[in-house]
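Worksheet: the structure to be examined is printed underneath.
The values are calculated or read from the model by the stated rules, or taken from the named source; none is laboratory data. From a predicted model like this one, the values you see are computed outputs, not experimental measurements. A quick note on method: Cβ atoms are made from the backbone with ideal geometry, for glycine too, and the neighbour counts reach across all protein chains shown.
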Amino acid sequence: MDDFLDAIRNDHHNFDKGKLSDHFGDNPLELFKKWYKEAFESTQAEPNAMSLSTVSEAGKPSSRILYLKELAEDGFVFYTNYQSEKGKNLESNPNACLLFFWNVLEREVRIEGKATKVSAALSDEYFASRPRGSQLGAWASHQSDVLEDRSELEARLVELAKKYPNEVPRPPHWGGYVIEAQKLEFWQGRPSRLHDRIVFEKENDSWEIYRKNP
Ligand SMILES: Cc1cc2nc3c(=O)[nH]c(=O)nc-3n(C[C@H](O)[C@H](O)[C@H](O)COP(=O)(O)O)c2cc1C
């Protein structure tokens with residue numbers, strides 16, 4: 001076997017940076033905020049990167065990395081193309097799962113909930129705050145469609161820069177989604193694979209809290 005594959009297989013990481021024994025409170029969004037802040041204050045690269053899993057109409061799952069952009073009262077907000085693969089999936093099946101992995105803190109947070117589009121006003125506001133290049137890119141990219149040649153995309157960008165010499169309006173097919181969490185799991189690595197897993201599950205507007213085997 002290749003040496004590096006052997007080395008990876010034999011790297012038995014010991015998790016010992018923290019515990020989630022007590023003081024996790026009764027509000028998972030507050031706990032998320034605390035962990036998010038701790039990830040930002042640590043050496044963790046891109047703590048706002050998360051995986052989003054969706055399921056197609058045919059029942060097939062797919063995942064991709066996105067940036068969390070807002071932590072709103074009603075949930076977790078990200079921005080994307082509504083006509084992308086994820087957008088089509090969420091249109092037919094709004095159930096989604098977000099996953100954060102903060103390796104520096106040996107933490108994982110898993111969030112399940114339904115996605116809804118944020119208001120056009122909120123999408124407008126965020127779009128307007130983006131750099132011009134990203135704004136033009138949102139128009140130029142027919143996200144997830146087959147692209148015959150990269151030159152097509154670049155040509156579209158040149159045309160769009162001429163069409164919008166000043167302000168770039170938000171494309172109607174681009175905007176935010178908010179995932180309203182119904183279930184959150186906080187995972188903290190512990191020695192001997194006896195990790196802490198605390199689950200918060202919404203039942204009739206209140207949170208049921210339980211621990212899971214690692
Ligand atoms: C670090 C990172 C951050 C990303 N952030 C976003 C994002 O915020 N929005 C987005 O639409 N795509 C983002 N992407 C690209 C997506 O992973 C994905 O390729 C794209 O959204 C198309 O996904 P889909 O075809 O499954 O819809 C990001 C990729 C990486 C690696």
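A few remarks follow.
- Unique residue being under 27 Å from Asn27 (Cβ atoms), in a loop (DSSP other than H, G, I, E, B) and more than 6 Å from the ligand (Cβ to nearest atom) when the list is Gln44, Gln83: Gln44
- Scoring Ser51 on the criteria (1) farther than 21 Å from Lys202 by Cβ; (2) in contact (Cβ under 8 Å) with a residue 60 or more places away in the chain; (3) touching a strand residue (DSSP E or B) at 6+ places or on another chain (Cβ under 8 Å) leaves a single failure, condition (2).
For (1) of a type in the set (Lys, Arg); (2) farther than 30 Å from Glu73 by Cα; (3) not in a loop (DSSP other than H, G, I, E, B), each residue gets a yes or a no:
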| site | (1), (2), (3) |
| --- | --- |
| Glu148 | no, yes, no |
| Ala161 | no, yes, yes |
| Gly176 | no, no, yes |
| Ala181 | no, no, yes |
| Glu185 | no, no, yes |
| Glu201 | no, no, yes |
| Glu208 | no, no, yes |
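- Some residue of segment 55-78 being in contact with a Phe, Trp or Tyr (Cβ under 7 Å, 6 or more places away or on another chain), hydrophobic (A, V, I, L, M, F, W, C) and part of a helix (DSSP H, G or I): no
The rows are residues; the columns are (1) surrounded by fewer than 17 Cβ atoms within 10 Å (Cβ to Cβ); (2) modelled with pLDDT of 95 or more; (3) within 15 Å of the ligand (Cβ to nearest atom); (4) among the β-branched types (Val, Ile, Thr).
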site: Phe100; (1), (2), (3), (4): no, yes, yes, no
site: Asn103; (1), (2), (3), (4): yes, yes, yes, no
site: Glu108; (1), (2), (3), (4): no, yes, no, no
site: Gly113; (1), (2), (3), (4): no, yes, no, no
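- Single condition Leu68 does not satisfy, out of (1) surrounded by fewer than 14 Cβ atoms within 10 Å (Cβ to Cβ); (2) within 16 Å of the ligand (Cβ to nearest atom): (1)
- Number of residues in segment 86-116 that are under 21 Å from Gln182 (Cβ atoms), of a type in the set (A, V, I, L, M, F, W, C) and not in a strand (DSSP E or B): the value is 1.
- For Lys19, the conditions (1) under 30 Å from Asp205 (Cα atoms); (2) assigned to a loop (DSSP other than H, G, I, E, B); (3) at pLDDT 95 or above; (4) of a type in the set (D, E, K, R) are fulfilled apart from (3).
- Note on segment 1-31: residues that are in contact with a Lys or Arg (Cβ under 8 Å, 6 or more places away or on another chain) and among the small types (Gly, Ala, Ser) total 1.
- The lone exception for Asp124 - which of (1) away from the ligand (no atom under 16 Å from the Cβ); (2) in a loop (DSSP other than H, G, I, E, B); (3) within 17 Å of Tyr177 (Cα to Cα); (4) not β-branched (Val, Ile, Thr) it fails: (2)
- Checked against the criteria, Glu57 does not count as among the acidic types (Asp, Glu), within 15 Å of the ligand (Cβ to nearest atom) and either at positive phi or out of contact with any helix residue (DSSP H, G or I) (no Cβ under 8 Å at 6 or more places or on another chain) (or both).
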